[in-house]
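One structure coming up, written as structure tokens, with questions to follow.
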């Protein structure tokens, strides 16, 4: 599918999907969503970008190997679990920090850090698979 319409509209679709994936990831511990579904949405955006522009252009846009992104996500997710050891709690116990920013309170938590790690793992893994399949040039 290499039509002019698809190549023209794909960057808009990809940018909307990436912004929505971050939104879904960050609201995940309070409402439906989270790192897994956010990472799937982002990887789908990369697959669409690859279909419209080619694998070389996608790899140039990402600038980092997708499997390295996945490995960093595993590190982040594991690090969020280790934070609980500093409080004497079991592994992966939630820790909340409330930052006062003027009239607003910003809650930060280890579940959010874990969701970001899962997001990166899913995004990196599925993107690597999609780019490998698209790079083979095989029309299935």
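Could you please find all residues in the range 1-29 being loosely packed, with under 12 Cβ neighbours inside 10 Å and either in contact (Cβ under 8 Å) with a residue 12 or more places away in the chain or not in a helix (DSSP H, G or I) (or both)?
Scanning the range 1-29 gives 1, 2, 3.
Given the range 48-140, what helices (runs of 4 or more DSSP H) lie entirely inside it while holding 3 or more residues that are surrounded by 13 or more Cβ atoms within 10 Å (Cβ to Cβ) and under 14 Å from the mean Cα position of the chain (by Cα)?
On the way: elements: 55-62, 66-82, 110-135.
It comes to 66-82, 110-135.
No value in this document is a laboratory result; all are computed from the given coordinates. Because the structure is a prediction, the values reported are computed rather than measured. Virtual Cβ from ideal backbone geometry, glycine too; neighbours counted across all protein chains shown.
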